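Following: one structure in structure tokens, then a few remarks.
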């Protein structure tokens, strides 16, 4: 079986993530291809798309949000993701069990004795008036019935697990501040989420495998689980295995992939890219060594924005008064520093709507 080096995996991931060369595709197609973008920080998906798409215009994403073609919702790993409406309608039911277990893992004691079906019905009754509500407002509306559970536990279970919801604009619009107002997905999108397939079948699981590999592969089944948070996918992998090819990584682990997916030569040049906080290019793997050294593995979990140099996490970055400031994690060559500053200037221009192109490397 062919062994793929870490550098070869890096170049494959960059190609799938649209980070090897900016893509000339519509924003909706990019969000779909990526399987969504992690989006608990409302402005970060704009940076992620700008780093991936040629001539990205934030207004295009705003129009998709207000036009209800993409939504902000809890999905993979119980985190807020920006996903296409088609995907959330198709995928949400397959994530339900995971979402409930994730919330119970934090609030099991508080929710002990709470009938979750009754809680869901009570929450839906409150939201039936069409008014979006914050998590805490929704919880307070039903708190009298379950006073011992507490607002936080009730709200998390309702919004992140029991009731498929969308976060309504202006939350998530470009350079716009707005609190979270949740509304049921079915009323927001005008269609109920797809029901789970009959027991013994898992077409959504099989599609998640294909879509994950298209955007992240080659990858292990542990990587797939780390991205989705969903249990029970080994059966889906088994169902589509005849469609897949296999490799080994340098540690001997099996990597699965789609036959026709891009796997560039490991010596393919990789441009400098500025990634947003919580980018799935890092969080979408169990083993992130293809893109970041183990000593820096938790930077993205901590909400640090990172800079890719030669395809790997080599710096963090922030913005101070429209100036992009880069903090290297290793010694950068003179040529690398030049490229980092150049891309930093472009990033500053994008973030400031061309009011500034100032960028520097700290130290």
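Just so it is clear, none of the values below were taken in a lab; they were calculated from the coordinates. Everything numeric in this text was worked out from a predicted model, so none of it was measured. For neighbour counting, all protein chains shown are included, and Cβ atoms are generated from backbone atoms with ideal geometry for every residue, glycine included.
Things worth noting here:
- Most mobile of 334, 312, 253 in a GNM of the chain (Cα contacts under 10 Å): 334
- Spread of Cα-to-Cα distances over 5 Å intervals beginning at zero, given as percent, for the range 18-189: 1, 9, 18, 20, 18, 13, 9, 6, 3, 2, 0
- Percent RCO, i.e. relative contact order, over the range 288-361, from Cα pairs under 8 Å lying at least 6 residues apart: 24
- Ranked packing of 356-363, 154-161, 73-80, most packed first, by mean Cβ within 10 Å: 154-161, 73-80, 356-363
- The range 18-189, relative contact order [Cα under 8 Å, separation at least 6], %: 23
- The separation of the range 323-341 from the range 180-230, counted between C-alpha centres, amounts to 38 Å.
- Gyration tensor verdict on the range 170-299 (Cα atoms; rounded if a/c is under 1.5, prolate if a/b is larger than b/c, oblate otherwise): oblate
- In this structure, residue 134 and residue 342 have a Cβ-Cβ separation that, at R0 = 35 Å, corresponds to a calculated FRET efficiency of about 0.25.
- Degrees, to the nearest 10: 334-351 long Cα axis against longest axis of the chain: 40
- Binned Cα-Cα distance frequencies in the range 88-141 - 5 Å width, integer %: 4, 15, 19, 26, 25, 10, 1
- Approximate spin-label separation residue 354-residue 54, in nm, with each point projected 7 Å along Cα-to-Cβ: 2.0
- When the chain is treated as a GNM with alpha-carbon contacts under 10 Å, the residue of 124, 263, 92 showing the greatest mean-square fluctuation is 124.
- Result for the chain in a Gaussian network model with C-alpha springs under 10 Å: among 232, 172, 252, the largest mean-square fluctuation is at 252.
- In degrees, nearest ten, helix 6-16 long axis to first principal axis of the chain (Cα): 60
- Annotation: the range 288-361 has a Kirkwood hydrodynamic radius of 12.6 angstrom, from the mean reciprocal C-alpha pair distance.
- Taking the DSSP beta bridges with both ends in the chain, the antiparallel portion is around 85 percent.
- Computed E for residue 245/residue 145 - FRET, C-beta separation, R0 45 angstrom, nearest 0.05: 0.25
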